[in-house]
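Structure, as C-alpha cells:
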Amino acid sequence: MLSEHRERSSTARVIPPARPRKLAKVPFVELADGRLQGVVSSGSDVERVYVSSVAAGNYEFACSTNNNRPCGGAYGAFCKHIRSLISEAVVQYGAERVGRYLKVDGEDAQSITAAMDLTSPAQGGNTAAAPVFSRFLHHLAYLELAPTTAPLPEMQWFPPTRAVV
C-alpha cells in the first residue's frame, strides 16, 4: 500500500546533508549555475550578509554585501567569507561532491581551498549576487509559513495526470 502511494505521489527524494550544518554563519549554500555560491553572515554586523561565489574550473571568485558593496577582504585571494562558504559546502554536500563539482582534488575543505589557491584564482564580477540573494530570500519565506500538509500553489508545477480507470 505504501509503495503504491509513493508511485502516485509527486514528491522528490531529498538528499540529506553529509553532516548537520550550523546555519548562523552560512545560512544558504548551493552548487548551481557552474558555481559554488551562497550567503555568508557578517562577523561584525548582524544586519549585513555577503553573497559569495567560486566558479567551477577556473575558480574565479566574487564576494559582495547584500547592498552590492565589494568585500574588503577579497582582493587577489579568497576572503574569509568564501573560505566559510567552501567549508559549509563540504559539510552540506561532502568533500567528494564539492571537489567534483568545482573540478578540484581534495579530501576536505582545507585541501580543496588550498588546491584552488595554488592556481591564483582571479576575482571576477559578482553577476550572480542578485539571483543568489533572491533565492535565499525566497527560501526564508518558506520558514514563515505555518506547518501544513496542504499543497503550495507555487510548488504545483507537475503536469496533471489522467486518472487510471
Worksheet entry | Subset tally (residues that are more than 20 Å from Asp33 (Cβ to Cβ), of a type outside the set (A, V, I, L, M) and in a helix (DSSP H, G or I)) for the stretch 104-147 | 5
Discussion item. Could you check the stretch 41-75 and list, in sequence order, the residues that are buried (at least 16 other Cβ atoms within 10 Å of the Cβ), more than 16 Å from Gly125 (Cβ to Cβ) and of a type outside the set (S, T, N, Q)?
Written reply: Val49, Ala56
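In the list Ser134, Ser120, Ser111, which residue meets the criterion of being under 16 Å from the mean Cα position of the chain (by Cα) and among the polar types (S, T, N, Q)?
On the way: Ser120 fails: under 16 Å from the mean Cα position of the chain (by Cα); Ser111 fails: under 16 Å from the mean Cα position of the chain (by Cα).
The unique qualifying residue is Ser134.
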Fill in: Selection within the stretch 128-165 - at pLDDT 75 or above and β-branched (Val, Ile, Thr)
Val132, Thr148, Thr149
Worksheet entry | Hits in the stretch 76-100 (condition: within 19 Å of the chain's Cα centre (by Cα), surrounded by fewer than 17 Cβ atoms within 10 Å (Cβ to Cβ) and in contact (Cβ under 8 Å) with a residue 40 or more places away in the chain) | Gly94, Arg97
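The values are calculated or read from the model by the stated rules, or taken from the named source; none is laboratory data. All of these numbers come straight from a predicted model, not from anything done at the bench. Cβ atoms come from the backbone with ideal geometry, glycine included; neighbour counts cover every protein chain shown.
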